[in-house]
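The values are calculated or read from the model by the stated rules, or taken from the named source; none is laboratory data. If you're wondering where the values come from, they're calculated on a predicted model, not measured in any experiment. Every residue, glycine as well, gets a Cβ built from its backbone with ideal geometry; the counts of neighbours run over all protein chains shown. Accessible surface areas use protein heavy atoms only, side chains included; no ligands, DNA or RNA. Shrake-Rupley method; radii C 1.70, N 1.55, O 1.52, S 1.80 Å.
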Amino acid sequence: MIGFDSWDEIRTAFQVARVGTVSGAAEVLGVHHATVIRHVDALEDKLGAKLFQRHPRGYTPTEAGQQLLSVGQATEDQFAQLSARIAGAGEEVSGELIVTSLTSVSVLVLPAMERLLGEYPGLRLSYLTDHRVFRLENGEAHVAIRAGNRPTEPDNVVQSLGSMQNALYASHAYVERYGVPRSKEELAQHRFVSIDNRESRAPFYRWLSENVPDEQVVFRANDHEAQVAAIKEGLGVGFLTVPMGRGDPKLEEIVKPYDTWNTDLWLVTHVDLHRTPKVQAAVKAIKEQAARSEGLVAH
């Protein structure tokens, strides 16, 4: 029984059968002629059959050798077809595309992906949102949108998407019940929705912890969608991106965006995949959406 551990020997014997001489096979393979002889002898021992008739003019395949030549040629043709398919797939905008970002940036990503899927119907999108950072070098995503400081992982291509504006929003029901704050002092007495992580490095959450008493934060959640739902239900005032807040008719902008609340966004791809047509198409769609998005300002 032979397997992949005999691959070098099979490849050598195939070349001997194809070329007809040990020296010719050695030249094709770039090895010493003694290596060719050793591989052929070892393979014949494993198979328990002679693959060649040896004579002064070279090696002539036996019936078993002819079978090896036939199978080897078919295998070589299949590898050539596989190589062509892989190369062709690299030039196509199709298959799975994995994009990752924070949930709060979905308002930017999803319109871009809608147009991309419309232009390239062969694409299948996986959109991953999580607090953890998906590792591009491990193949966990093709394209990442990250917030905060500029990413510094080696072998990544990093491009600026600009700064996302954030502002304070509340539902119409909340405003009817509690009114709109007219000063910073009044604002500090309102009810707030916030993140469960008090150590968050987001600039607007840092502002909240420094300017609003902790007891005024009446609702905390570790999930962004839960925070959004709480703001819409009137539980309190909370931070949202400007595109999300201004795009929802149920919400009112309580405090306009401040520059110190902005969040820097970065478009990240891995250098090995950055130039592939699929990734380039996704990058182009996201950058075009960023350029037209309200609330996203250039660095």
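Remarks
- Among residues of the stretch 164-191 that are open to solvent by less than 50 Å² (accessible area, probe 1.4 Å), those with a beta-carbon under 6 Å from a residue that is basic (Lys, Arg) at least six positions away or on a different chain give the pairs 167/256; 171/232; 171/250.
- Filter pass, residue 16 being modelled with pLDDT of 90 or more, in a helix (DSSP H, G or I), open to solvent by less than 90 Å² (accessible area, probe 1.4 Å) and in contact with a strand residue (DSSP E or B) (Cβ under 7 Å, 6 or more places away or on another chain): yes
- Some residue of the stretch 118-129 being small (Gly, Ala, Ser) and touching a strand residue (DSSP E or B) at 6+ places or on another chain (Cβ under 6 Å): yes
- Selection from the stretch 213-247 of residues that are outside any helix (DSSP H, G or I) and touching a strand residue (DSSP E or B) at 6+ places or on another chain (Cβ under 6 Å): 217, 219, 220, 234, 235, 236, 237, 238, 239, 240, 241
- Residues in the stretch 14-46 that are at negative phi and either of a type in the set (Ser, Thr, Tyr) or in contact (Cβ under 8 Å) with a residue 40 or more places away in the chain (or both): 14, 16, 17, 18, 21, 23, 35, 43, 46.
- The sole residue among 210, 199, 252 that is open to solvent by 30 Å² or more (accessible area, probe 1.4 Å), acidic (Asp, Glu) and farther than 23 Å from residue 149 by Cβ is 252.
- Every residue from the stretch 204-222 that is β-branched (Val, Ile, Thr) and modelled with pLDDT of 95 or more: 217, 218
- Matching residues, the stretch 132-141, being surrounded by fewer than 15 Cβ atoms within 10 Å (Cβ to Cβ) and in contact (Cβ under 8 Å) with a residue 40 or more places away in the chain: 137, 140
- Residue 265 meets the stated requirement of being assigned to a strand (DSSP E or B), touching a residue at least 60 places away in the same chain (Cβ under 8 Å) and buried (at least 17 other Cβ atoms within 10 Å of the Cβ).
- Among residues of the stretch 174-203, those that are assigned to a helix (DSSP H, G or I), at pLDDT 95 or above and touching a helix residue (DSSP H, G or I) at 6+ places or on another chain (Cβ under 9 Å), counted: 1
- Hits in the stretch 104-151 (condition: in a helix (DSSP H, G or I) and over 24 Å from residue 227 (Cβ atoms)): 114, 115, 116, 117, 118, 119, 136, 137, 138
- In the stretch 105-130, the residues that are touching a residue at least 60 places away in the same chain (Cβ under 8 Å) and of a type in the set (D, E, K, R): 115, 119
- Across the stretch 31-77, the qualifying residues are those that are in a loop (DSSP other than H, G, I, E, B) and open to solvent by less than 80 Å² (accessible area, probe 1.4 Å), and the one among them that is farthest from residue 7 (Cα to Cα) is 62.
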